[in-house]
Each structure stands twice: as C-alpha cells, then as structure tokens.
Amino acid sequence: MPSPLGEVARLREALTSGETTSSRLVDAALAAAEAVGEDLSVFTHLRHEAAREAAAAADARLSAGRARSVLDGLPIALKDNIVQAGEPAGCASRILEGYVSPFDATAVARLLEAGAIPIGRTNMDEFAMGSSTENSVHGPTRNPWDRDRSPGGSSGGSAAAVAADIVPLALGSDTGGSIRQPASLCGVVGMKPTYGRVSRWGLVAFASSLDQIGPFAHTAADCAVLLDAMSGHDAHDSTSLPEPPLQTAAGLNGDLSGRVIGLPREYYEAEGADASSLECVHAAVAALEGAGAKTVPVSLPHTRYAIAAYYLIANAEASSNLARFDGVRYGHRAAGASGLTDLYERSRSEGFGAEVKRRILLGTYVLSAGYYDAYYRRAQKLRTLLRRDFEAAFESCDVLVTPTTPEPAFRLGERADDPLTMYLSDVYTVSANLAGLPGVSIPCGLAGGGLAAGLPVGLQVLGPPLADAAVLEVADAYQRLTDHHQARPGGSR
C-alpha cells in the first residue's frame with residue numbers, strides 16, 4: 001500500500017524530472033509569503049536574496065547529479081525562536097528587537113546540510129508563551145481556514161504557512177502543545193518528538209525541561225523525513241539523547257495488524273469537549289480498527305491535574321530562563337536609565353508583553369521562599385505521577401489515540417481577557433511534555449455543526465519515550481485510509 005504522496009516526494013520527483021527547479025519553488029514560496037502570508041501575518045522576516053542564492057546552488061547540484069538529500073532545494077519556514085546564523089531571531093518580542101543570531105541551531109544546521117532552504121521566519125506567541133499567536137509584537141496570525149479565527153499557538157505562524165500552502169514544510173517548537181494544537185486548528189500534521197530526540201541547541205528557551213523542536217507538513221510521511229534529518233545526538237545539548245538519527249520515513253508501510261491502541265477515558269469524557277469534534281475522532285478510531293488495529297480502554301487518572309502542574313513548572317522555568325534578557329548585552333535597552341537596577345526594570349517592562357510578564361511573575365512567585373514546597377515541588381511530584389500513569393497505560397497498548405484539542409479554532413480576541421480558558425486549549429497536549437513523550441496531530445475531518453462547522457479537527461497519537469517511529473507509523477497508516485489531509489482552506493482538495 002503506497003504512502004500518501006506527500007509534498008516532499010512530489011516535489012522531489014518534479015525536481016528530478018526537470019518539471020520545476022528549486023529557484024521556481026523558492027520564488028513561488030516567497031511570492032505567496034508576501035501575498036497570502038502578509039494578509040494572514042504569517043512571517044516576521046523573509047530571506048529574499050539569501051533564499052534565492054541557496055536555490056540557485058541547489059539547482060546546480062541537481063544538474064550535476066549531486067543532490068544532498070530528498071530535501072535538497074525545498075523551501076521551508078522556521079519559527080522565530082529557532083535561530084539561523086545571520087538572521088533575526090526576535091521571538092515575536094520587543095525585547096529582542098535588532099538581535100541577529102551568530103550561529104545556527106543544530107536542527108537548522110542539519111536541514112541546511114540536507115539542502116533545505118529557509119525562506120523566512122514565522123510569527124509566534126512571544127517567547128512561545130500562548131495558545132493563539134496573538135501575543136506577538138507583530139500582531140496576531142490569522143487562520144487560513146477563517147481569518148477571523150486563531151491558528152493556535154505558539155507555533156501558529158508555522159502551522160498557517162503550511163496550511164496556506166506557502167511552504168510544504170516548517171519547524172515549530174512544542175512546550176505544552178505548541179506544535180500539535182496549531183496543527184489541529186489549521187488542518188495540518190505537526191509532531192512533538194520524544195524529549196531529547198531533537199537538539200534544543202539554538203532554540204530560545206522557554207521551559208528547558210519541556211521544549212522540543214518538531215516538524216509541520218501535510219502528511220506524517222513528510223514529518224518523518226524532516227525528523228529523520230534533524231534527529232540524533234548533539235554534544236552541544238546536555239539533554240540530547242545518546243541515540244542515532246532516526247530512519248523512519250523509509251519504513252512507513254501502513255500496516256496496522258497487531259497494533260494495539262489505547263483510548264484514555266479521561267480524554268474522551270472531559271467536560272467542554274466539542275461534540276462534533278469527538279464524532280470525527282470516534283470515526284477515526286473506527287477506521288483504525290477497520291484496518292486491523294485493536295483498541296483497549298486505558299486510564300490516566302492524574303490527567304485532571306496536568307494543566308495546573310504544567311503552568312507551575314513551565315512558568316517557574318520561564319522566570320529563570322528569561323532573566324538573561326536584561327537590556328545589557330543585546331535586544332531592547334531602555335533609554336535614560338538612572339542606574340543598573342533602573343535599566344533592568346525599565347528594559348524588561350518595556351520589552352516584554354503582558355502574557356510574558358504574567359508568566360514571569362507567576363514563575364517567580366512559585367519559586368520564592370515559603371512557596372516552593374507548596375507549589376513547585378508538588379507540581380514536580382505530580383509530574384512523576386503523570387509519567388507513571390503513561391507507563392502503566394503503555395503496558396497494555398503500543399500507542400494512545402486521543403483528540404488533540406477540545407474544539408476547533410476559536411475566534412481571535414475571544415479569550416484575550418480570559419487566560420484560564422486560553423490555557424485549557426492545551427488540556428489534551430501538556431501531559432506529553434510533562435512525561436517527555438512523542439506525539440503527533442493529524443487531520444481527522446471537519447467539524448460538522450455550529451459556529452465551527454467546516455473547521456479542521458485533529459487526532460492525536462501519543463507513544464512511549466523513543467517510540468517516535470511507532471507514532472508516525474500509526475499516523476501514516478491513518479492517512480492512507482482517509483483523505484482528510486488533502487483538504488485545504490476554501491474547500492479544495
């Protein structure tokens with residue numbers, strides 16, 4: 001059974017046959033980024049000259065029969081918190097205005113070595129803190145399916161870039177769902193690898209024990225190609241796993257026979273879940289069963305505490321990581337400061353947005369004397385219990401299948417003054433980060449009724465640590481059974 005023809009395979013074939021060139025692909029991507037991307041506020045910076053030079057070099061390699069990989073000459077977009085040498089890395093924040101990175105993130109370096117061509121940097125929630133891509137100094141990104149709705153966050157720009165067919169591939173980062181949630185809301189595939197599978201070197205830190213770089217594409221097969229290219233041990237990152245690069249893409253075959261899928265009760269019975277979205281998820285489970293997979297009920301009893309534990313741990317780590325942005329070494333520096341303390345206070349007050357300030361304050365509070373044991377230590381204990389829940393569940397199944405989000409894309413602005421409701425957008429995704437698990441969101445249909453009718457719905461596949469290949473295999477098998485990943489904004493396929 002052939003794999004769904006992803007954009008990587010299709011474009012590779014077109015390049016090899018001479019039907020197109022890398023220069024044409026890059027020119028088309030840049031043109032779309034300026035037209036569609038500008039309307040949706042997808043990009044924060046475009047690399048016109050540098051991308052075209054890289055495309056010309058890729059065409060020369062192809063003509064000489066020296067293509068570096070299947071990614072050689074293909075355009076890609078990078079989230080604004082993943083650095084590239086000589087390019088701005090603003091994290092959608094005023095405090096990093098004017099900052100240009102002197103080095104490549106390891107993930108970027110490996111993709112450049114494979115011949116991929118970054119055309120620009122995508123909008124995001126400031127320092128990856130948000131679920132809507134509204135917390136950006138550049139303004140909100142709009143969902144290609146409905147420009148009045150959010151693309152999700154914090155990697156909303158990358159998800160929208162793929163959903164709008166500006167680029168076939170993009171990178172994001174996932175701290176509590178920031179790849180999977182926007183992938184679901186934008187109708188694309190987005191994957192968070194096992195913690196440590198992809199180097200964090202060059203990813204501007206939000207919460208170091210949770211952050212992971214991962215891919216966006218229209219198919220799990222294309223995500224596998226990107227993950228294979230980026231993965232592997234990196235001595236620059238002390239949390240990088242001592243594992244060789246993955247070789248997943250070549251092994252995808254659509255076989256679900258003997259595969260056991262766990263259905264966590266807590267994810268299907270959660271309050272507030274959109275009924276139409278759950279119908280799509282149940283239909284997806286039925287399709288997997290029809291293809292030979294066995295499903296079993298499982299329980300993750302500490303799931304209801306995951307959001308609280310996540311926002312204590314993530315904010316505590318954020319308050320520590322963001323202390324380095326002080327107006328002294330780089331980025332925004334307040335004018336007219338009367339002394340060092342005044343410089344720190346004014347630079348940070350002027351440079352950080354409201355959501356980042358909120359999280360720094362909360363994180364500093366839970367780490368302070370008298371509150372550390374009551375909040376932070378208890379959250380870490382809960383994290384251990386969550387990990388044990390998953391370990392117990394995976395004793396009876398290979399992967400878990402769940403909804404990705406409680407509902408389809410919500411309207412821009414409707415949760416701006418209600419941070420608790422916004423945080424609950426990640427209720428199905430944060431547990432995987434706390435436990436370090438791999439997870440992927442794939443399109444499983446369009447909502448059938450109400451105000452969200454016609455908007456994408458995502459299906460989440462989670463696996464035990466290091467089971468990235470199994471997660472992608474199930475996702476790929478599902479996409480062979482359905483054509484939901486072929487749906488595009490405006491009703492085209």
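Please treat every number below as a calculation from the coordinates, not as lab data. Since this is a predicted model, take the numbers as computed values, not measurements. Cβ atoms come from the backbone with ideal geometry, glycine included; neighbour counts cover every protein chain shown.
Extending each Cα 7 Å along its Cβ direction at residue 371 and residue 354, get the distance between those two points in nm, one decimal.
2.1 nm
For each pair in 79/381; 294/381; 192/294, compute the distance between the two Cα atoms and list the pairs where it is over 29 Å.
Among 79/381; 294/381; 192/294, the Cα-Cα distance tops 29 Å for 79/381; 294/381.
Could you calculate the contour length gain from residue 296 to residue 233, that is, 0.36 nm times the residue separation minus the distance between their Cα atoms, to one decimal place in nm?
Taking residue 296 through residue 233 to full extension adds about 19.2 nm, to one decimal.
So how strong a dipole does region 182-323 carry about its Cα centre when Lys and Arg Cβ are +1 and Asp and Glu Cβ are -1, to the nearest 20 debye?
160 debye
Pulled fully out, how much extra length does the chain show between residue 384 and residue 85, if you take 0.36 nm times their separation in residues and subtract their Cα-Cα distance?
Length difference between fully extended and current span is 103.9 nm.
Measuring from label point to label point, each 7 Å out along Cα→Cβ, what is the residue 208 to residue 268 span in nm?
Result: 4.1 nm between the two label points.
Stretched out fully, how many nm does the piece from residue 282 to residue 364 gain, at 0.36 nm a residue minus the Cα gap?
The residue 282-residue 364 span can extend by a further 25.3 nm.
Could you calculate, for the chain, the ratio of the Cα radius of gyration to the Kirkwood radius, expressed as Rg to Rh?
0.95
Under 11 Å from the Cβ of residue 180, count the other residues' Cβ atoms, weight Lys and Arg +1, Asp and Glu -1, and hand me the total.
Here the charged neighbours net out to -1.
Would you work out the relative contact order for region 1-113, in percent, from Cα pairs under 8 angstrom that are 6 or more residues apart?
The normalised contact order for region 1-113 reaches 22 percent.
Just for the chain, what percent of DSSP beta bridges are antiparallel, to the closest 5?
That works out to approximately 65 percent antiparallel.
Among 365, 267, 314, which residue has its Cα furthest toward the positive end of the charge dipole of region 266-377, with +1 on Lys/Arg Cβ and -1 on Asp/Glu Cβ?
Projecting each Cα onto the dipole axis, the largest value belongs to 365.
Need one number: nm distance between label points at residue 68 and residue 488, each 7 Å from Cα along Cα→Cβ, rounded to one decimal.
2.8 nm
What net charge do the residues around residue 200 carry, taking every other residue with its C-beta under 10 Å from that of residue 200, with Lys and Arg at +1 and Asp and Glu at -1?
That sum, taken over residues with Cβ under 10 Å, equals -3.
Ranked from highest to lowest mean number of other Cβ atoms within 10 Å per residue, what is the order of the peptides 392-405, 331-344, 158-171, 193-206?
Going by the mean number of other Cβ atoms within 10 Å, highest first, we get 158-171, 193-206, 392-405, 331-344.
Might you report the magnitude of the Cβ-based charge dipole of region 27-177 about its Cα centre, with Lys and Arg at +1 and Asp and Glu at -1, to the nearest 20 debye?
320 debye
Suppose a student asked you for the relative contact order of the chain, using Cα pairs under 8 Å spaced at least 6 residues apart; what percent would you report?
So the answer I get is 18 percent.
If you plug each phi of region 241-251 into the Karplus form 6.51 cos²θ - 1.76 cosθ + 1.60 with θ = phi - 60°, what whole-Hz ³J(HN,Hα) values come out, in order, with x for Gly and Pro?
Result, ordered by residue: 6, x, 10, x, x, 5, 9, 8, 4, 5, x Hz.
What are the principal axis extents of the Cα atoms in region 389-493, in Å, biggest first?
40, 36, 18
Determine which residues of region 208-250 fall in the zone a paramagnetic label at residue 323 would reach in this model, i.e. backbone nitrogen under 16 Å from the point 7 Å along Cα→Cβ.
208-209
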